[in-house]
Amino acid sequence: MNLGNFSVSLNVKDIKASKEFYEALGFAVFHGDTEQNWLILKNETSIIGLFQGMFEKNILTYNPGWDADANTLEKFTDIREIQKKLEAKGINLIRKVEEGTTDSASITLVDPGWQPHFNRPTRLRCNPKQKHRKTISLNFHKREKT
């Protein structure tokens with residue numbers, strides 16, 4: 001099953017300091033807005049997102065429908081199809097796509113050894129001015145035990 005383009009979404013306390021740190025490691029900003037507290041950075045094939053004040057913990061994010069440069073792919077597996085396949089395998093989804101919808105959506109699931117954590121799709125939340133595409137975020141979350 002192709003889950004899509006992978007990135008790590010990092011919850012940061014100071015986006016400007018984190019930006020400088022990752023730039024020193026060779027990452028370059030290719031999308032985002034510091035004033036909106038989010039940036040996407042790349043270092044060759046490695047992609048990270050810096051998000052200040054948008055979610056509690058770091059998130060593993062998969063984006064079917066996008067290539068590594070956030071360009072929309074003509075052919076990809078829709079989130080609704082991924083959801084059906086995961087549910088058929090007995091994987092518990094803590095956030096699902098509503099049946100009958102056709103617009104952008106996300107699902108959330110957790111590794112059974114981790115605590116569940118809900119989060120909105122990062123791309124859609126971060127750039128409200130962007131025209132909606134039929135792309136999604138498939139989020140895997142890790143939360144420390146309380």
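Test PHE6 against the stated conditions and say whether it is touching a residue at least 12 places away in the same chain (Cβ under 8 Å) and under 20 Å from SER106 (Cα atoms).
yes
I'd like the residue in the stretch 63-85 that is of a type in the set (A, V, I, L, M, F, W, C) and touching a residue at least 24 places away in the same chain (Cβ under 8 Å) and, out of all such residues, is surrounded by the fewest Cβ atoms within 10 Å (Cβ to Cβ).
Our first condition is that a residue be of a type in the set (A, V, I, L, M, F, W, C); within the stretch 63-85, this holds for 66, 68, 70, 73, 76, 79, 82.
From what's left, touching a residue at least 24 places away in the same chain (Cβ under 8 Å): 66, 68, 70, 76, 79, 82.
Numbers: TRP66: 20, ALA68: 15, ALA70: 17, PHE76: 20, ILE79: 25, ILE82: 22.
Only one residue tops the list, namely ALA68.
For the stretch 9-43, give me each residue that is in a strand (DSSP E or B) and touching a Gly at 6+ places or on another chain (Cβ under 7 Å).
Those that are in a strand (DSSP E or B) and touching a Gly at 6+ places or on another chain (Cβ under 7 Å): SER9, LEU10, TRP38, LEU39, ILE40, ASN43.
Against the condition modelled with pLDDT of 70 or more and not charged (D, E, K, R), how does LEU138 come out, does it pass?
Details: modelled with pLDDT of 70 or more: no; not charged (D, E, K, R): yes.
Answer is no for this residue.
For the stretch 23-51, name all the residues that are surrounded by fewer than 19 Cβ atoms within 10 Å (Cβ to Cβ) and more than 15 Å from ASP69 (Cβ to Cβ).
Scanning the stretch 23-51 gives GLU23, ALA24, LEU25, GLY26, ASP33, THR34, GLU35, GLN36, ASN37.
The values are calculated or read from the model by the stated rules, or taken from the named source; none is laboratory data. Only a predicted model underlies this, so the values are computations on that prediction, with no experimental measurement involved. No Cβ is skipped: glycine too gets one built from the backbone with ideal geometry, and neighbour counts run over all protein chains shown.
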